[in-house]
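Only one structure is covered here, and it is reproduced in the block below.
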């Protein structure tokens with residue numbers, strides 16, 4: 001049973017704090033908290049709401065499905081965020097003429113104004129997070145994250161089987 005021994009040896013060598021997916025999840029959660037605190041306090045927006053608003057501002061009129069793809073959010077989160085943003089007057093929702101059951105989201109004037117106010121805050125928060133990194137390190141981090149994202153999106157990774 002050498003495979004059980006090898007598996008047991010690998011398990012005893014495993015260190016969660018050194019496991020990159022775990023570290024990425026921790027950093028993601030920490031960053032999300034910083035943004036949530038700032039956007040909730042300044043704009044009364046949740047993380048899914050500001051991500052939805054930012055995607056629509058950047059991409060233009062979109063379906064909720066397209067927003068989910070751009071923001072890596074599931075349909076339920078996008079739907080709830082969009083409903084809230086419509087209720088707050090930041091997005092307008094209309095029927096999709098090419099899909100009788102679909103709908104399209106677009107910014108309102110209030111949404112465009114809110115987004116314009118959000119951008120400087122986002123840039124300040126990013127600058128504060130990266131102030132101890134050189135431009136070369138930030139560029140390298142962006143390249144590595146892009147490679148990881150592409151690998152995951154294009155590979156259909158499934159290690160369970």
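The values are calculated or read from the model by the stated rules, or taken from the named source; none is laboratory data. Bear in mind that the values here come from a model prediction, so they are computed numbers and not experimental data. Virtual Cβ from ideal backbone geometry, glycine too; neighbours counted across all protein chains shown.
Scanning region 84-129 for residues that are assigned to a loop (DSSP other than H, G, I, E, B) and modelled with pLDDT under 95 yields 97, 98.
Out of region 93-107, which residues are without any contact (Cβ under 8 Å) to a residue 40 or more places away in the chain and either touching a helix residue (DSSP H, G or I) at 6+ places or on another chain (Cβ under 6 Å) or within 18 Å of residue 46 (Cα to Cα) (or both)? Across region 93-107, the qualifying residue is only 93.
Residues that are in contact (Cβ under 8 Å) with a residue 12 or more places away in the chain and either surrounded by fewer than 14 Cβ atoms within 10 Å (Cβ to Cβ) or in a helix (DSSP H, G or I) (or both) within region 66-81 comprise 67, 70, 71, 77, 78, 79, 80, 81, listed in sequence order.
Note on region 53-68: residues that are more than 15 Å from residue 115 (Cβ to Cβ) and in contact with a helix residue (DSSP H, G or I) (Cβ under 9 Å, 6 or more places away or on another chain) amount to 4. All of (1) in contact (Cβ under 8 Å) with a residue 40 or more places away in the chain; (2) over 27 Å from residue 24 (Cβ atoms) hold for residue 86 with one exception: (1). Residues that are under 23 Å from residue 150 (Cβ atoms) and surrounded by fewer than 14 Cβ atoms within 10 Å (Cβ to Cβ) are absent from region 86-95. Out of the residues in region 109-122 that are touching a residue at least 12 places away in the same chain (Cβ under 8 Å) and within 22 Å of the chain's Cα centre (by Cα), state the one that is surrounded by the fewest Cβ atoms within 10 Å (Cβ to Cβ). For region 109-122, the residue satisfying everything is 117. Residues in region 144-161 that are loosely packed, with under 10 Cβ neighbours inside 10 Å and part of a helix (DSSP H, G or I): 154, 155.
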